[in-house]
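Peer 1: Please read through the structure below; I'll follow up with questions.
A short reminder: the numbers here are calculations on the coordinates, not readings from a lab. Bear in mind that the values here come from a model prediction, so they are computed numbers and not experimental data. Reconstructed Cβ throughout: ideal geometry from the backbone, glycine too, with neighbour counts over all protein chains shown.
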């Protein structure tokens, strides 16, 4: 088994060593900018973790690792445009830096680049990788569509929100693990268990993201505090607050989210005050713990020895304790 530190280093290196600049610069500079904004390279690491857990060749998995990271950053690039987000990882978002049209076009190219990476493998593996990457892309788009639809709906349920999260965020974690397992030539049943593990961890990861949006700080999180509140996003926190609120608190939340003339900072602070009074953060953190435990149950069923699973367990635990 390879050490987690080595896998993390390799996950970063395989992306950083990839050449993204080309001609014309108007197309490739935004690609390079998006791919060089840093981040923990969680998804490439998951590819390598899965391959290593099943005893596969981690160096053979690096191109698949790069593919999922390109796909991830493509979704972020277009997501930032749709959400009008000014910052990503503490830096101006790609469309802010290069313009909306350039960012859209470069994002389109990134999707094709990700799929093209799959075809650096032998035909059978390339087919499986391209299939899972393409299906995941469709599911991510479904999740984004639901996210936008929810902004116009007043009756979104927590279960609907969790399904949106699964599609928009979790499926890519599952895809990353599945890609690594494909490289290691693992059977379909083991892949299903591993993918379910990734999706459950992904849901917990997104709820953690919701928590950090309210209670994280810009220096650590790299985003504007309360951006979800400013954008009237119906997050897990908001939906749970509506569910738990008394009539007065519910009325206040609905008024704040429908108001157009309120100062943004004041809006954020008022909503967080309601959340605090209902102990929403505590509830969310317990939810994160529950989903993490469900994920671990899937991991236990995978037919490799306990030692081989240690890196993935350590990684999942650290993911839930992050501050950014």
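Peer 1: Can you give the alpha-carbon Rg of segment 9-156 over 2.2 N^0.38 Å, where N counts its residues?
Peer 2: This ratio for segment 9-156 stands at 1.09.
Peer 1: With a 10 Å radius around each residue's Cβ, average the other Cβ atoms per peptide and rank 188-194, 27-33, highest first.
Peer 2: 27-33, 188-194
Peer 1: Starting with the highest mean, order 285-291, 49-55 by the number of other Cβ atoms within 10 Å, averaged over the residues of each peptide.
Peer 2: For the peptides 285-291, 49-55, the packing ranking is 49-55, 285-291.
Peer 1: How much FRET efficiency would the formula 1/(1 + (r/R0)^6) give for residue 255 and residue 286, where r is the Cβ-Cβ distance and R0 is 30 Å, rounded to 0.05?
Peer 2: Once the sixth-power term is evaluated, E becomes 0.60.
Peer 1: Just one of (1) 19.9, 62; (2) 35.7, 110; (3) 18.8, 56 is Rg and Dmax of the Cα atoms in Å as worked out from the coordinates here. Which one is it?
Peer 2: Recomputing Rg and Dmax of the Cα atoms in Å here picks out (1).
Peer 1: Can you give the convex hull volume per residue for the Cα atoms of segment 126-285, as a whole number of Å³?
Peer 2: 123
Peer 1: Which residue fluctuates the most in the chain, going by a Gaussian network model with Cα springs under 10 Å, if the choices are 44, 24, 86?
Peer 2: Comparing 44, 24, 86 in a Gaussian network model of the chain, the most mobile one is 24.
Peer 1: Starting from the 7 Å offset along Cα-to-Cβ, what nm value, one decimal, do you get for the label separation of residue 91 and residue 60?
Peer 2: Taking the simple label geometry, residue 91 and residue 60 are separated by 3.4 nm.
Peer 1: Using only C-alpha atoms and all pairs of different ones, pull out the Kirkwood radius for segment 222-274 in Å with one decimal.
Peer 2: When all Cα pairs of segment 222-274 are included, the Kirkwood radius is 11.2 Å.
Peer 1: With N denoting the number of residues in segment 46-92, provide Rg(C-alpha) divided by 2.2 N^0.38 Å, to two decimal places.
Peer 2: 1.55
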